[in-house]
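The values are calculated or read from the model by the stated rules, or taken from the named source; none is laboratory data. Since the model is a prediction, treat every value here as computed from it, not as a measurement. Because the Cβ atoms are built from the backbone with ideal geometry, glycine has one as well, and the counts that use them run over all protein chains shown. Keep in mind that these areas ignore ligands, DNA and RNA; they rest on the heavy atoms of the full protein, side chains included. Shrake-Rupley method; radii C 1.70, N 1.55, O 1.52, S 1.80 Å.
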Amino acid sequence: MTDADALADLLAQRRQTGADHAAIDAAIFTRFGRVHAVMFTDLVGFSRVVEAFGIVHFLQLIQESEALFIPLIQQHGGTCLKHEGDSLLVVFDAPQQALDAARAMVDATVALNPGRTPEERIEICIGLGYGTVLRIDDHEVWGAEVNAASKLGEDLAKGGEVLVTDTFHQAMAPNDQFVECGVLFGTRAIYRFSPA
């Protein structure tokens, strides 16, 4: 039985009238729960570049960016679970690995971009979270930190910026290289990595 089948079975049990939700939830987290640092990336300017230069040009940039980023992710112990459009979903065992990979990825774009035309530039936005997630069949990951990293990387970070959740920040403490810069989901502090 695959993880996906086992999860579907447990969720079906949970839907039953009178089901012991707490016991089923505990069984789900016992089987699938993992503590991971989660990275979600997004490239800057998808809509603008596609509109001006066409989807083929942007597909070329996606391929080039993945050729640049995937080896750096792997060098820092990360596993890329998904490529969705111009975004990557990556997990790491430890937050320091995720931060080191994020720094290397931003540094790689800084080294690559000088002399390139604006439409050829690769700029990355990165969101990082840390905590317990559900890992299914080694290619799916679900949880609050996945949602938070996605929101940070896709919607809130600017080009070359690394934003982290409160739990990621706490896991890295003490560390004065983070600056509080906002609120996520109305309650959670957001921090920007700001190396000295």
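Data table
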| item | result |
| --- | --- |
| Exclusive hit being open to solvent by 30 Å² or more (accessible area, probe 1.4 Å) and within 15 Å of Gly153 (Cβ to Cβ), set His76, His83 | His83 |
| Unmet requirement for Arg116, which otherwise passes all of (1) touching a strand residue (DSSP E or B) at 6+ places or on another chain (Cβ under 9 Å); (2) surrounded by fewer than 19 Cβ atoms within 10 Å (Cβ to Cβ); (3) within 20 Å of Phe69 (Cα to Cα) | (1) |
| Residue count, the range 49-106 (criterion: assigned to a strand (DSSP E or B) and among the basic types (Lys, Arg)) | 1 |
| Number of the exception - Ala111 against (1) within 18 Å of Glu66 (Cβ to Cβ); (2) surrounded by 15 or more Cβ atoms within 10 Å (Cβ to Cβ) | (2) |
| Residue selected from the range 141-196 under the condition in contact with a Lys or Arg (Cβ under 7 Å, 6 or more places away or on another chain), under 20 Å from Arg34 (Cβ atoms) and assigned to a strand (DSSP E or B), by the criterion modelled with the lowest pLDDT | Val141 |
| Hits in the range 73-108 (condition: over 16 Å from His36 (Cα atoms) and modelled with pLDDT under 95) | His83, Glu84, Gly85, Asp86, Ser87 |
